[in-house]
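The structure appears below as structure tokens.
The values are calculated or read from the model by the stated rules, or taken from the named source; none is laboratory data. A quick note: this is a predicted structure, and the numbers were derived from the prediction, not measured. Cβ coordinates were reconstructed from backbone atoms using ideal geometry, including for glycine residues, and neighbour counts include every protein chain displayed. SASA here: full protein model, heavy atoms, side chains in, ligands and nucleic acids out. Shrake-Rupley method; radii C 1.70, N 1.55, O 1.52, S 1.80 Å.
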Amino acid sequence: MAAPRQRLCLGIETSCDETAAAVVTSGGAVRSSIVASQANLHAQYGGVVPELAARQHVQAVLPTVDRALAAAGVTWSDLDLIAVTRGPGLPAALLVGVAAAKAVAFAAGLPLVGVNHLAGHVYAHALEAEPQAGSPDRLPRPAVALVVSGSHTDLCHLPAEGGLQLLGTTVDDAAGEAFDKVARLLGLGYPGGPALDRLAQTGDPGAVPLPRALGPLTGPRRRDPRLVGGPYAFSFSGLKTAVAVRLEAAPDTPPADLAASFQAAAVEVLVAKTLAAAAHLRVRTVLVAGGVAANSALRSAMTAACIQSGLTVCFPPLCYCTDNAAMIAVAGWMAHARGQVDGWDLDADPNLPLELP
Ligand code: KG4
Ligand code: ZN
């Protein structure tokens, strides 16, 4: 007997500076994942220029979709679902993806689901993964999830029964934002995070003493004035300022040492708070997601700390840490499985908070 046909979702992602499209089965197998990066366009300005990003998405979105369909070896009539990032992200950039998704869903007669970009980062863990026994959404549960991107630093609890509870977030810069800003101070250009990661590999992480905004990891809230919001809140702006002050006071500090010292401080805080949350909630699994999950020091420090504490740690493959549409497609399947179908009035929401469907 022939195996049942795999259902296919086309995912579309345009929330920031990557135009991405992917075809993913309802089981989370990636048939194609195309990312058309705008990094070269924005590099000359040292960061993402929202207006330019939106214009570039307009030009790139349909050709990127065509490439994703071709790479998967499918046509419109093979698809079952269209999923698109509806937020959070740059308003005009999001609107391009949402408008394109509506147009192709309408033309092809397919259901449409709007997806939370941050949920997409978490669901990157459901791509190419074995189904999780008893899990409502293919994620290993119960777990603590750390979502670290260019605009978010969210520590969450994923209870066994489903859903998500936010434990803490950043009170100032996001983790990726801090990497990008320090990279800019060091003259590393854009995108800064990966460049800083590479430079840090040649530096001494103990060379420059820098502050760690750890605060009390347990106990009463608001004891540390830097950490309004409780033990799982993050703050990176003091660390970034300390790098700037050091550079001004000692401009001959080797950039590799400064990069490695900054990275060590940022990673130490991310690891310490994640492990404290896992211990507090008595969960044995840690998921790390978002662009900063590609950081080599975070991957090795979190892995070592989790092994030492007897925890299981999961990182998506590198290509699914940074923005991509495969994660949006698999998140689309999760939303669809819960009955979500959006209408033609689907709108972008640049400030959507992290929630799982
Ligand atoms: O998730 P993402 O691709 O886009 C957003 O949703 O923001 O994350 C991008 C962020 C940028 O700040 C980028 O510098 C950072 O992730 N990033 C890294 C690395 N790769 C990407 N930061 C540190 N080390 C890396 N290897
Ligand atoms: Zn992202």
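Side notes on the structure shown:
- Placing unit charges on the Cβ atoms of the charged side chains and taking the dipole of the chain about its Cα centre, the candidate lying farthest along the positive direction among Ala92, Gly206, Gln38 is Gly206.
- Considering only beta bridges that DSSP places wholly inside region 143-316, some 55 percent are antiparallel.
- Overall form of region 143-316 per C-alpha gyration tensor (a/c, 1.5; a/b vs b/c): prolate
- Trp76, Trp344, ranked by accessible area, largest first (probe 1.4 Å): Trp344, Trp76
- Isotropic mean projected area of the C-alpha convex hull, region 59-215 (nm²): 13.3 nm²
- Taking amide H as placed 1.01 Å from N in the peptide plane, Val313 has its amide H under 5 Å from the amide H of Val286, each at least 5 places away in sequence or on another chain.
- The alpha carbons of the chain occupy a box of 65, 47, 35 Å along the principal axes, longest dimension given first.
- Proximal lysines to Lys181, defined as alpha-carbon separation beneath 17 angstrom and excluding residues fewer than eight positions away on the same chain: Lys240
- The chain, accessible surface, carbon-and-sulfur percent (1.4 angstrom probe): 56 percent
- Beta bridge orientation in the chain: antiparallel %, DSSP, nearest 5: 60 percent
- Length-normalised contact order for the chain - Cα pairs under 8 Å, 6+ apart - percent: 24 percent
- Cα-based helix-to-principal-axis angle, 296-308 vs the chain, degrees rounded to 10: 80 degrees
- Scanning the chain for GluC sites (Glu not before Pro) that sit in a DSSP loop and have at most 15 other Cβ atoms within 10 Å, the longest stretch containing none of them is 162-354.
- Helix 237-249 axis, angle to the chain major axis (alpha carbon atoms, nearest 10°): 50 degrees
- Residue-count net charge about Pro191 - beta-carbon cut-off 14 Å; Lys, Arg +1, Asp, Glu -1: -3
- Most mobile listed residue (Ala279, Ala53, Ala93) in the chain, GNM with C-alpha springs under 10 Å: Ala279
- Relative to the longest principal axis of the Cα atoms of the chain, the long axis of helix 175-185 lies at roughly 60 degrees.
- About its Cα centre, the chain has a charge dipole of approximately 680 debye under the convention of +1 per Lys or Arg Cβ and -1 per Asp or Glu Cβ, with nothing else charged.
- The longest stretch of the chain left intact once loop-based trypsin sites (Lys or Arg not before Pro) with at most 16 other Cβ atoms within 10 Å are removed from consideration, loops following DSSP, is 8-211.
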